Amino acid sequence: MKQFFTLLSKELIEHKVIFRIPLFLALFLVLNFILILYNSNDVSFNFKINGWEQFDNIQLSMGFGGVIGSINTLICGLVAVICFFAYMPKTLLKEKQEGSWNFWRSMPVSNVKTLGAKLVVGLIVIPAISVVLLVFADFCFMIVAKLLLSDALLQSSSINLHEMFMHIMSYINRMIVVSIGLLPIACILLVLSQLTNHPLIILFAVTVMVKVLGYTINVLSGFSQFVSDWNNISVSALFDTNPWQELAIFSSIELGSVLMITVGLFCYAVKLMSTELNN
């Protein structure tokens, strides 16, 4: 267990981008918070959304903060997804480029633990950081709202600690679904990053090719739709009232197949790493 935590610490130290993006947004929130308080006498809140009917698939939260709460959820969720795609394709490539790849050959650490630590960072640590960002964003918004809004508006917008807690728990629930959706993609990137220097480009190209083939070859249309639906999970789960519905559209056979393919990809990534380290 100590080895595993050492691996996690190494990943966090070497890949500071997963902290920098959320930190930048947090500082931006603090700046806005200060500006709003500094100009509190001139601030008025007037929410008007034109043409929102064009986004029928987006379900606005009626809980904490209303529209603002939904925006906080969306931004923090997208930050987590962006950090995931900034981290996963580079985690093995960076070790090769900087020479630490050879260093780990002399360490008594299994390849399963090494790659497992990378999955934990991408699918658990990064979402956890986004949860902290959401707590910070919600707390800043609640302070500003309590200072500037009337009690009636606070009550109608459900701005209180209980609703804030429920909002955060709902976000954690969403991020669990997002991580499940990203798990196979993470294993694909672990494989591709050992075969090419441009894993994300290859993944994007293959995804587009599958979609095009689905339109031109009827036999592949079902598979193309499946790939498209699965790729949409990580973003759609941030909008839906019930994020688990994104997984419910798949049959048990499809989910079982995804699980087996994911395990197979992880085992293949371990094999590739063992082969390369032994060369």
Next on the checklist: Suppose the chain between residue 223 and residue 275 were pulled fully straight at 0.36 nm per residue; how much longer would it get relative to their current alpha carbon spacing?
Outcome noted: 15.6 nm
Checklist entry - Label residue 198 and residue 10 with points 7 Å out from Cα along Cα→Cβ: what is the distance between them in nm? => result 2.9 nm
Checklist entry - Hey, what does the equivalent ellipsoid look like for the range 161-279, semi-axes from the Cα gyration tensor as sqrt of 5 times each eigenvalue, largest first, whole Å? => result 29, 21, 13
Checklist entry - Tell me, in nm to one decimal, what length is gained between residue 215 and residue 139 on full extension, where the rule is 0.36 nm per residue of separation less the Cα-Cα distance? => result 22.7 nm
Item to check | Mean-position separation - Cα centroids, the range 111-135 and the range 143-171, in angstrom | outcome: 29 Å
Checklist entry - Semi-axes, largest first, in whole Å: what does sqrt of 5 times each Cα gyration tensor eigenvalue give for the range 199-265? => result 21, 15, 14
Item to check | Eligible lysines near residue 16 by straight Cα distance, threshold 25 Å, same-chain separation 8 or greater | outcome: 2, 90, 94, 96, 113, 118
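Just so you know, all these numbers are worked out from the coordinates, no wet-lab data involved. Quantities reported herein were computed from a predicted structural model and do not represent experimental measurements. Heads up, the Cβs are rebuilt from the backbone with ideal geometry, glycines too, and the neighbour counts pull from every protein chain shown.
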